[in-house]
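Okay, so here's the structure we're looking at.
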Number of protein chains: 2
Amino acid sequence: MQEERRLAVLRAIVEDYVATEEPVGSKALVERHGLGVSPATVRNDMAALEDEGYITQPHTSAGRVPTDKGYRLFVDRLTTIKPMSAAEKRAIASILDGAIDLDDVVQRSVRLLAQLTRQVAVVQYPTLSRSTVRHVELVALTPTRLLVVLILSTGRVEQRLVELAAELPDEDLAELRSTVNRAAIGEVIADAVTALRALVPVEDATTPPTPTGAVVEVLVDAMSDHRSDERIAVGGAANLARFGDSFDSAVRPLLEALEEHVVLLKLLGEATTGEVLTVRIGHEGPYQELSSTSVVATGYGPGDEAFARLGIVGPTRMDYPGSMAAVRAVARYVSRILDEA
Amino acid sequence: MQEERRLAVLRAIVEDYVATEEPVGSKALVERHGLGVSPATVRNDMAALEDEGYITQPHTSAGRVPTDKGYRLFVDRLTTIKPMSAAEKRAIASILDGAIDLDDVVQRSVRLLAQLTRQVAVVQYPTLSRSTVRHVELVALTPTRLLVVLILSTGRVEQRLVELAAELPDEDLAELRSTVNRAAIGEVIADAVTALRALVPVEDATTPPTPTGAVVEVLVDAMSDHRSDERIAVGGAANLARFGDSFDSAVRPLLEALEEHVVLLKLLGEATTGEVLTVRIGHEGPYQELSSTSVVATGYGPGDEAFARLGIVGPTRMDYPGSMAAVRAVARYVSRILDEA
DNA sequence: CTTGGCACTCAGGACTTTCGAGTGCCAGCG
DNA sequence: CGCTGGCACTCGAAAGTCCTGAGTGCCAAG
């Protein structure tokens with residue numbers, strides 16, 4: 001019974017603190033939230049909560065502030081993700097539906113997330129690994145120079161140049177093109193790589209590469225290119241301006257992290273299967289410099305498999321329910337769009 | 001005679017202020033710089049400089065600070081761009097030479113500039129308008145679906161899909177391909193557009209578009225696509241962290257501007273012909289919120305024509321000679337690389 | 001278990017004082 | 001005529017002091 005009230009108190013503290021940015025005291029608590037008890041009672045509860053490590057006081061004569069552990073409990077048990085309003089849903093849909101290609105989807109998502117949450121938004125470009133090959137095109141720019149274009153089911157297009165050792169007649173080019181396509185089209189990246197490799201007899205390094213060998217090599221390279229795995233879009237950095245006060249503790253390290261896409265990727269989290277919404281609070285993350293920032297992220301992608309991630313990064317003192325709702329909603333809409341494409 | 005010394009004093013003030021971030025007084029001045037006169041003399045000069053509007057004092061009992069006008073004079077007349085050291089040149093060359101394609105060049109440039117100047121770097125992707133058509137490729141994905149690939153002399157590749165009203169036999173496709181290429185290859189974008197348009201008889205809107213018409217339309221669209229004009233890479237935002245003190249006046253508006261690529265483009269300046277190094281100081285710029293930031297920018301591109309711009313943005317109190325040298329050096333190396341490609 | 005009462009703590013704001021870097025001006029000097 | 005040393009003056013920033021009030025912990029009573 002009292003246990004329940006204690007949790008209500010914790011919830012109230014988190015909500016108030018997020019709203020006001022100031023340590024919250026017992027009196028203000030009972031006034032603003034309609035818990036029907038006296039301040040003294042609340043004080044007892046607060047003392048207990050502090051013993052258990054959920055809240056803390058910055059200095060003796062001040063109110064309480066949630067700890068990371070407190071936020072954790074709040075997120076896990078004390079809040080339900082508030083669903084987006086119909087108007088918000090419409091806005092999301094209309095903004096994302098206007099996208100013209102994959103890059104545009106990602107960029108719009110980033111802006112949208114940043115606007116909805118007023119935090120810094122991060123969206124990972126879809127990984128190649130889950131997508132399939134839609135088409136491979138070979139174009140002879142000069143007799144010894146080929147442009148290799150790789151088109152994937154996600155709409156991503158990669159192009160590379162290949163220098164050939166000798167001229168390649170048009171008929172041979174046409175044949176090579178159809179061979180390669182027969183092997184790769186419709187296959188998942190990993191399988192396509194295997195199939196393509198099978199086209200080339202194992203050569204010792206001494207023989208000059210055949211045209212097929214050269215093209216396959218480039219394709220395999222393009223498919224396993226990790227650069228695209230690491231691509232990330234960031235938006236809403238201007239929202240950091242709201243936190244000008246806690247500049248050194250929060251803004252500075254985050255600003256630095258934003259440039260390090262590797263760090264951001266790690267923050268978004270290792271690729272989970274499915275679209276689980278994960279919240280990482282303060283010190284729970286891998287970087288101690290970012291111990292006063294939290295991450296709300298989820299996987300997204302067509303079908304059931306999540307194949308990239310998106311989310312937001314902000315101070316631990318953030319509106320978790322709102323952020324979680326926005327992240328989840330955007331991820332769903334983006335996934336749906338990718339499904340259709 | 002005294003005129004000369006006054007300028008020396010101004011130069012010394014600018015240098016000291018940039019280095020220390022603190023208003024500089026007469027005594028410190030004569031000590032640090034070897035001007036062989038007494039503080040009293042310097043004071044007289046400073047009073048004169050203040051009358052002319054080159055410096056100002058934040059409050060009565062403080063040292064002097066350069067005004068925008070003072071920086072302007074400093075940049076125009078009191079400094080020579082210090083050439084990069086051999087080591088720096090080598091570093092620039094080695095970093096940029098490793099680039100694998102156009103996008104990579106731009107991204108490396110941005111990082112490089114940010115590192116060299118410790119400011120926020122901005123690089124505009126090369127505009128299409130000055131480049132020429134190297135090749136157009138048409139690929140039949142299905143009998144009624146064409147992939148149109150446009151390859152430009154800058155290395156940029158644009159691809160679009162076209163849906164045809166009816167099936168197109170292979171022979172017709174081959175002919176269309178060569179017709180289009182004959183018209184466009186080697187032409188500057190603007191001319192290519194004209195030539196391509198000439199291929200299509202003026203149709204009234206009632207007739208369904210011919211395959212040629214559809215392809216030409218898409219090509220023209222791709223060529224005049226303004227999105228690529230507006231593409232910009234930004235780097236070094238973390239360097240803003242150094243200015244945590246003047247957060248509201250300098251960092252916040254800049255942080256906001258960084259998200260608005262249109263604003264950045266405007267800051268970089270209208271495309272000038274040639275590679276003129278331009279410096280825009282404080283209020284000289286078009287945005288009054290950015291009145292305490294300066295821009296150092298220049299055009300770059302292959303040959304004599306500058307066809308895109310790059311530069312850095314920072315507080316008016318910046319190391320102009322160093323920044324100018326870095327911007328110029330990077331622009332030159334990038335231009336050279338584009339020349340070779 | 002809750003509540004009202006009470007003594008205690010202490011950060012932050014308001015106010016004052018002190019300190020010193022820096023200025024402007026003047027009279028003398030080369 | 002310009003440079004210099006001397007001197008009185010100004011005023012922001014730093015340090016010190018005081019005061020207030022929100023907030024706490026504890027206790028005895030309901």
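The values are calculated or read from the model by the stated rules, or taken from the named source; none is laboratory data. The structure presented is a predicted model; accordingly, all values stated were derived computationally and were not measured. So basically every Cβ, Gly included, is an ideal-geometry build from the backbone, and we count neighbours across all protein chains shown.
Annotations
- Scanning the range B:309-323 for residues that are more than 14 Å from the chain's Cα centre (by Cα) and among the hydrophobic types (A, V, I, L, M, F, W, C) turns up just one, B:318.
- Identity of the residue in the range A:12-58, outside any loop (DSSP other than H, G, I, E, B) and of a type in the set (S, T, N, Q), that ends up surrounded by the fewest Cβ atoms within 10 Å (Cβ to Cβ): A:20
- Residues that are assigned to a strand (DSSP E or B) and modelled with pLDDT of 85 or more within the range B:118-132 comprise B:120, B:121, B:122, B:123, B:124, listed in sequence order.
- The single condition among (1) over 25 Å from residue B:317 (Cβ atoms); (2) out of contact with any strand residue (DSSP E or B) (no Cβ under 6 Å at 6 or more places or on another chain) that residue B:106 does not meet is (2).
- Residue count for the range A:25-49, restricted to those that are away from DNA strand C (no atom under 15 Å from the Cβ) and in contact with a strand residue (DSSP E or B) (Cβ under 7 Å, 6 or more places away or on another chain): 0
- Residue B:165 more than 13 Å from chain A (Cβ to nearest Cβ) and assigned to a loop (DSSP other than H, G, I, E, B): yes
- Selection count where residues are farther than 14 Å from residue A:120 by Cα and crowded, with 21+ Cβ neighbours inside 10 Å, scope the range A:293-305: 4
- Odd one out for residue B:117 among (1) among the β-branched types (Val, Ile, Thr); (2) free of Cβ contacts under 8 Å to residues at least 40 places away in the same chain; (3) away from every other protein chain (no Cβ under 12 Å): (2)
- First in the range A:20-39 and polar (S, T, N, Q), second anywhere and near DNA strand D (Cβ under 9 Å from one of its atoms), Cβ under 7 Å, 6 or more apart: A:26/A:39; A:26/A:42; A:26/A:43; A:26/A:46
- Test: residue in the range A:66-85 that is part of a helix (DSSP H, G or I) and within 11 Å of DNA strand D (Cβ to nearest atom): no
- Selection count, the range A:50-79, where residues are within 13 Å of DNA strand C (Cβ to nearest atom) and within 34 Å of the chain's Cα centre (by Cα): 3
- Filtered by the rule that a residue be surrounded by fewer than 21 Cβ atoms within 10 Å (Cβ to Cβ) and within 11 Å of another protein chain (Cβ to nearest Cβ), the range A:120-134 gives a lone residue, A:134.
- When residues in the range A:138-160 are screened for being crowded, with 16+ Cβ neighbours inside 10 Å, in a strand (DSSP E or B) and within 12 Å of chain B (Cβ to nearest Cβ), 13 of them pass.
- Leading residue by the ranking (farthest from residue A:26 (Cα to Cα)) among those in the range A:59-79 that are surrounded by fewer than 18 Cβ atoms within 10 Å (Cβ to Cβ) and of a type in the set (S, T, N, Q): A:79
- Residues in the range B:168-180 that are within 11 Å of another protein chain (Cβ to nearest Cβ), closer than 30 Å to residue B:101 by Cβ and touching a residue at least 24 places away in the same chain (Cβ under 8 Å): B:177 alone.
- For the range A:62-106, taking the residues that are without any contact (Cβ under 8 Å) to a residue 24 or more places away in the chain and of a type in the set (Lys, Arg), the one that is nearest to residue A:294 (Cα to Cα) is identified as A:69.
- Among the candidates B:244, B:274, B:236, B:282, the residue that is at pLDDT below 85 and surrounded by 14 or more Cβ atoms within 10 Å (Cβ to Cβ) is uniquely B:244.
- The residues in the range B:164-181 that are of a type in the set (D, E, K, R) and closer than 28 Å to residue B:191 by Cβ can be counted, and the count is 3.
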